[in-house]
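Undergrad: Handing you a structure now.
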Amino acid sequence: MVTALSVLVTGGVFWQLRRYGTAISDVPAAELPENGIPVVETDADPPDGTAGSGMAEEPEDWEAALPAFTDESAQQRIAAIAVSQLGYAEGSGGVLTADDGQTRTGYTRYGAWYGNPYGEWNTMFTYFCMYYAGVEKTEVPYGSGCWAWYETLDSKSMIAAGGNEKTGDIIFLDMDADGEPDRTGIVSDTAETEAGLLLSAIEGNCDGAVASRQYLSGIPEILGVLSVGDYVTEEAALTEYSGETVSGIQVAAQAAAGIFPEGTVMQAADVSDDEAMQAAADTLGGNADIREAVAVDISFYDADGNELEPAEGGTVSVQIILPEEKQLPEGDCKLLHIDSEGGGTVLTDADVAADGAAFETDAFSVYIMASTGQTAGDYYNGETIHLNLGESITLRVEVDTPNTYFKLYDSWDSTAGKAYMTPNIHNDEQVHTWGENQNYIYYSREIDATDENGEIIRDENDDPVKKTVYHNEVTFTANCPTPEGSTFRIHSPNGDEFPVVIAPSAEKGIMVNSATGYKSSDRIREWLGKYNGTTYGLSFPYNFGMKDVDGYVPNSKERPYLLMVGETMDFYVDSDSAGDSFVFTFEDGEGGTLSDLADIEQSSGSTHHAVTLTGTNPGMVHAVMPETGDEMWIKVMDRVGSTPFSQPLNHADMEIADGGTYTVSSTRVEGGQTIVDVKVYQADVVFVNDAYIYDKEGRAIQHYTSEFDPAYPLYRVQLETNEDGSLKTDENGRPIPKLDADGNTIKDETVPLGDYEQFGVPGGTQYEMTSAWIANISSKAYKKTYDAMDSDTAEFDVNLHLTPRQKYSYKVNPDGSLTQISEDPNWQAEPEERENIVFLLNHQEVIDARNKCPVNNGLDFTARAEFTALEMPVEKKLLNGTIEDQQFTFDVIDLNPTPLTSTRSLNNQAVADAAPCDAEGHAVLKNMRFFEAGTYYFELKEHIPENQNGIGYDDKSFYFKVKVSKDNDKNFLTAVPIFLKDNGSGHPESFEPDTEHTDTVFTNYKGYELPSTGGSGILPYLAGGILIISAASVLLLIRRRKEEETNS
């Protein structure tokens, strides 16, 4: 009996352990600290003035106070809105207290509307008034900083001189006399006085409020005037007409009053494709490559049925929308008008695409939309194709023979080491061997067969006879000039062959190579303008006597191009004769020879004279082209302390010329079709977290940071001010610091500084994040220097400010290419911030940064944020359980030969942000960032923790590649994930696309949770076991007594 009971107990325990496993801790899993580090929770409130979204008002609050309008002009509306805001003061909706507990910035509704509630709001106020006055950015661009806005308008000839201002005009004010606008105002009233035209202008942020100020027209402080009304098209009462053909072509028209009489109707009728093709061929000529043509006959009739034309001098706006089945193939689309006599003309001002057209016209009959191409034969008339450097040409041809392609012959420049044209083919191989990134299009299609007279051939049923043709299309870009007297040849699939000549760049002067192409030697060093009003009240001290030519300092002996010993530079100049050549002189202070100073290689064609110069020893090189008078000074420098030709560097700045483009590509599936939504943002660098300068061995030789450094404490310098609060400056424009009794500068220790401050505003021509002037007002200038000789590469960790611009949607084709299906130019979203974006800068970019620095004592980098971030959905399922929010996460493993996250000191970036799922099991992998076009490979797995808490995890992997492409028309990158089938080779680049993949799902299961050993959960088992053993003991005792009684 005891044995039986023991077996029963042992078996029960074994069954429980075998079924549920064992536990090793009495602490519930949810309470275990991660990595042994306890989690400390707090319910303390955030500091006053720092919580919340910064949206102290809702749009409906301020919109309710705006004036109502009827038929006022745009200028009248702008002025009326500005008047309605008089007296508004910042801070009425709250203040933002900085981390120092002292700096307080007032909220404004204008900043809240713009997306920066606590930002500097003078120009934002002006934008606010323009926006609510109905001014479209397509008519008057606005949205950047004051100086950048002025530059944009001036480049479009929209800035006028003062002297005749009127109500609603916007004036640009230069209040610090530096030649650049720093404020804007809206003219609300004008009055003639003895002194001249007196302007009343309403301005934002006049000592923290909206106020009216007065100026005399023509004073120097008014740099220019924008008359918005000159560029805004005021809406007139329009009559709308619409019609649709039997085939589904939709036509819409709008006409102003008086163009047609009341009761007029519009009719739209189909025209046969044959007639459309024939009329298009007659209009465009027999050599035109007409792929397809669609026509519609548009007519207007009065109430009595009489056909009408627009009234004399009147025009009508027309839109034609083609149904999907009649849309044209992508290409060079044209709109043709066939008049009542049968004559055809091309409407060059029309906006034409594959799916429709928009145009203005004063006559109605048949309109034809035709997709055309430029054939090789258009060029082949015994004449040579002439292109300039950098220009592109697209050739198209259709032939009857399959597998025939364009070929290039004699197209490799062995001296330059590259092809005259890209795609880079320099032999007689067929060009269809080009990679997927090359611009070659090849397909077949059916067309109507024609006879030798161009007439359509018909069968016995009078139907057109079809034939197959093969379409070849290629785009070539001129890569480098062809030598004098030399050509290369393009061979067309139709048998034509013709020569090509590429001329050098038309830009004059000595051109120097850089990371972004050749630049004039006089447009490399940036001019240093005076500027008061940076983030911390510091300023550029003065312009060092530099000559300003269009924002640059011309090359001269005093301001030479800088080259370190061992570095190489390329430059060229164009002249009129092959016999011309550079003449070099030198100065090294030690009587050396030119060959001692630099290795120089010259190559000359008839007009193009190129030089490669390598610095070998320190000194000055003077290059002169006598025939053109062009000259350039080059200073070859060595290590600090070894020669007078040396320069220590003390800063590394991030210069932003005009922002850049940041796109987010999000994937989704609709009806089995993968869709990519691309959100486009303007990106500006607004903060530098860290910057590292590296030597050739990859060692960090200097580190700049925005964090306060206790080892080198630096605080804001207190500056002297005038009675009106403006900065007091010396004769050179330098701000005057406050001094104590001992003559030392007084520091404001409530404002600790790192190495960086913001100079200017994003979008401004001299906007940057700079470490230069902070360094120069402290001992850091001597402790954070580095030798220019050692600086090889650099790395910046920055934060970006993203301003929403536009949204596009694409369908993903089987080959991974994209076809646009929609565009939303009015997409609205909140501005965003992206932190810890890393820029890796190569040695040529270091050379460029050294030469861009106005005084050559640091590196001034220019970077445009041009990359895309991929967002990809992932799904989680849990069998026998309920998913908790944030319970499961996923890992992306980088399988590329050079990992995307391969940085040096800044190596803490993951491939993608952590992607925890929500309670529904949905997760999104975010911020997989790509900086250039290409194909990248990854593995996606579920993150499996060490403590699995009774959950069985899905250990499968999804392999995928990301195809990153650049849309050259829209100038941004897109990213498309393509899932792959694992073929077991271990090389993802050999995996085939998984065409059956639809959803990315990981499935887990939840088992029974065994109570923890030693905890309260085992009490029932313990009690049961004790009871069984006790019963067995009692039974054993009874049995023994019976045996004793029997034996006795």
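Undergrad: For residues in segment 233-251 being out of contact with any Gly (no Cβ under 8 Å at 6 or more places or on another chain) and among the hydrophobic types (A, V, I, L, M, F, W, C), which is surrounded by the most Cβ atoms within 10 Å (Cβ to Cβ)? Can you show your working first?
TA: We begin by selecting, within segment 233-251, every residue out of contact with any Gly (no Cβ under 8 Å at 6 or more places or on another chain); these are 233-249.
Now narrow it down to the ones that are among the hydrophobic types (A, V, I, L, M, F, W, C): 236-238, 246, 249.
Details: ALA236: 8, ALA237: 6, LEU238: 14, VAL246: 8, ILE249: 23.
That would be ILE249.
Undergrad: Still on this model: Going residue by residue through segment 593-614, is there one that turns out to be at pLDDT below 85, in contact with a Phe, Trp or Tyr (Cβ under 6 Å, 6 or more places away or on another chain) and farther than 20 Å from LYS519 by Cα?
TA: yes
Undergrad: Output the number of residues of segment 114-150 satisfying the condition of being touching a Pro at 6+ places or on another chain (Cβ under 9 Å) and within 19 Å of ALA683 (Cα to Cα).
TA: 9
Undergrad: Return the residues of segment 610-623 that are part of a strand (DSSP E or B), crowded, with 17+ Cβ neighbours inside 10 Å and free of Cβ contacts under 8 Å to residues at least 60 places away in the same chain; say none if nothing qualifies.
TA: As a first pass, look at segment 610-623 and keep what is part of a strand (DSSP E or B): 610-615, 619-623.
From the residues that got through so far, the ones that are crowded, with 17+ Cβ neighbours inside 10 Å too are 610-611, 613, 615, 619-621, 623.
Within segment 610-623, ALA610, VAL611, LEU613, GLY615, GLY619, VAL621 meet the criteria.
Undergrad: While we're here: Tell me, which residue of segment 177-212 that is charged (D, E, K, R) and touching a Leu at 6+ places or on another chain (Cβ under 9 Å) is surrounded by the fewest Cβ atoms within 10 Å (Cβ to Cβ)?
TA: GLU192
Results for (1) under 30 Å from TYR150 (Cβ atoms); (2) touching an Asp or Glu at 6+ places or on another chain (Cβ under 8 Å); (3) of a type in the set (Phe, Trp, Tyr), shown as yes or no for each residue.
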{"residue": "VAL232", "(1), (2), (3)": "yes, yes, no"}
{"residue": "THR239", "(1), (2), (3)": "no, no, no"}
{"residue": "SER242", "(1), (2), (3)": "no, no, no"}
{"residue": "ILE249", "(1), (2), (3)": "no, yes, no"}
{"residue": "GLU275", "(1), (2), (3)": "no, no, no"}
{"residue": "ILE298", "(1), (2), (3)": "no, no, no"}
{"residue": "ASN306", "(1), (2), (3)": "no, no, no"}
{"residue": "VAL318", "(1), (2), (3)": "no, yes, no"}
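Undergrad: Continuing with the same structure: What are the pairs, 6+ residues apart or on separate chains, where a residue within segment 794-818 that is more than 27 Å from VAL669 (Cα to Cα) and assigned to a strand (DSSP E or B) has its Cβ under 9 Å from a residue that is of a type in the set (D, E, K, R) and modelled with pLDDT of 85 or more?
TA: ALA794/GLU845; GLU795/ASP690; PHE796/ASP690; ASP797/ASP690; VAL798/ASP690
Undergrad: Does GLU192 qualify as being touching a strand residue (DSSP E or B) at 6+ places or on another chain (Cβ under 8 Å), of a type in the set (Asp, Glu) and over 28 Å from GLU90 (Cα atoms)? Step through it out loud before you land on a result.
TA: Numbers: touching a strand residue (DSSP E or B) at 6+ places or on another chain (Cβ under 8 Å): yes; of a type in the set (Asp, Glu): yes; over 28 Å from GLU90 (Cα atoms): yes.
In short, yes.
Undergrad: Ok, one more. Going through VAL225, VAL271 one at a time, which residue ends up being in the same structural domain as ALA363 (by TED's automatic domain parsing) and farther than 17 Å from LEU308 by Cβ?
TA: The conditions single out VAL271.
Undergrad: Another question, then. Can we say THR643 is modelled with pLDDT under 85 and among the β-branched types (Val, Ile, Thr)? Lay out the reasoning, then the answer.
TA: Working: modelled with pLDDT under 85: yes; among the β-branched types (Val, Ile, Thr): yes.
Judged against the criteria, THR643 is a match.
Undergrad: Moving on to the next point. Does THR190 satisfy being in a loop (DSSP other than H, G, I, E, B), in contact with an Asp or Glu (Cβ under 9 Å, 6 or more places away or on another chain) and closer than 18 Å to SER73 by Cα?
TA: Details: in a loop (DSSP other than H, G, I, E, B): no; in contact with an Asp or Glu (Cβ under 9 Å, 6 or more places away or on another chain): yes; closer than 18 Å to SER73 by Cα: yes.
Considered against the rule, which asks whether it is in a loop (DSSP other than H, G, I, E, B), in contact with an Asp or Glu (Cβ under 9 Å, 6 or more places away or on another chain) and closer than 18 Å to SER73 by Cα, THR190 comes out as no.
Undergrad: So which of ALA919, ALA923 ends up being modelled with pLDDT of 85 or more, surrounded by 14 or more Cβ atoms within 10 Å (Cβ to Cβ) and of a type in the set (A, V, I, L, M)?
TA: On the way: ALA919 fails: surrounded by 14 or more Cβ atoms within 10 Å (Cβ to Cβ).
On inspection, the qualifying residue turns out to be ALA923.
Undergrad: For segment 930-948, which residues satisfy the criterion of being of a type in the set (A, V, I, L, M, F, W, C) and part of a loop (DSSP other than H, G, I, E, B)? Give the steps one after another, and end with the answer.
TA: Step one: of segment 930-948, the residues of a type in the set (A, V, I, L, M, F, W, C) are 930-931, 933, 938, 940, 944.
Hits for segment 930-948 are PHE931, ALA933, ILE944.
Per-residue answers, yes or no, for (1) surrounded by 10 or more Cβ atoms within 10 Å (Cβ to Cβ); (2) closer than 30 Å to VAL812 by Cα; (3) polar (S, T, N, Q); (4) at pLDDT below 75:
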site	(1), (2), (3), (4)
GLU989	yes, yes, no, no
PHE1002	yes, yes, no, no
THR1013	yes, no, yes, yes
GLY1024	yes, no, no, yes
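Undergrad: Any chance you could count how many residues in segment 823-872 are part of a loop (DSSP other than H, G, I, E, B), aliphatic (A, V, I, L, M) and at pLDDT 80 or above?
TA: Of the residues in segment 823-872, the ones part of a loop (DSSP other than H, G, I, E, B) are 825-831, 842, 853-858, 863-865.
Keeping just the survivors that are aliphatic (A, V, I, L, M) gives 829, 855, 863, 865.
Add one more test, that the residue is at pLDDT 80 or above, and what stays is 829.
Final tally of qualifying residues: 1.
Undergrad: Given the criterion surrounded by 13 or more Cβ atoms within 10 Å (Cβ to Cβ) and at pLDDT 65 or above, identify the matching residue among ALA357, ALA376.
TA: Details: ALA376 fails: at pLDDT 65 or above.
Going through ALA357, ALA376 in turn, the sole match is ALA357.
Undergrad: Among the residues of segment 574-592, write down those that are of a type outside the set (D, E, K, R) and at pLDDT 60 or above. Let's see the steps before the verdict.
TA: Step one: filter segment 574-592 for residues of a type outside the set (D, E, K, R), giving 575, 577-579, 581-586, 589, 591-592.
Passing the criteria: SER575, SER577, ALA578, GLY579, SER581, PHE582, VAL583, PHE584, THR585, PHE586.
Undergrad: Sticking with this one: Restricting attention to segment 360-372, which residues are modelled with pLDDT under 90 and either assigned to a loop (DSSP other than H, G, I, E, B) or touching a Cys at 6+ places or on another chain (Cβ under 6 Å) (or both)?
TA: SER371
Undergrad: Here are some conditions: (1) in a strand (DSSP E or B); (2) of a type outside the set (Val, Ile, Thr); (3) out of contact with any helix residue (DSSP H, G or I) (no Cβ under 7 Å at 6 or more places or on another chain). GLY314 meets all but one. Which one does it not meet?
TA: Single failed check for GLY314: (1).
Undergrad: Moving to a separate point now. Looking at ILE951, is it modelled with pLDDT of 85 or more, surrounded by fewer than 16 Cβ atoms within 10 Å (Cβ to Cβ) and among the aliphatic types (A, V, I, L, M)?
TA: Numbers: modelled with pLDDT of 85 or more: yes; surrounded by fewer than 16 Cβ atoms within 10 Å (Cβ to Cβ): no; among the aliphatic types (A, V, I, L, M): yes.
No, not satisfied.
Undergrad: Residues of segment 705-719 being at pLDDT 75 or above and surrounded by fewer than 14 Cβ atoms within 10 Å (Cβ to Cβ), which ones?
TA: Selection gives GLU707 alone.
Undergrad: Looking only at segment 449-464, which residues are within 51 Å of the chain's Cα centre (by Cα) and among the acidic types (Asp, Glu)? So that I can check it myself, show each step before the final result.
TA: Residues of segment 449-464 within 51 Å of the chain's Cα centre (by Cα): 449-450, 454-456, 464.
The answer is GLU455, and nothing else.
The values are calculated or read from the model by the stated rules, or taken from the named source; none is laboratory data. These numbers were taken from a predicted model, which means no experiment stands behind them. FYI the Cβ positions are ideal-geometry reconstructions off the backbone, even for glycines, and counts take in every protein chain you see.
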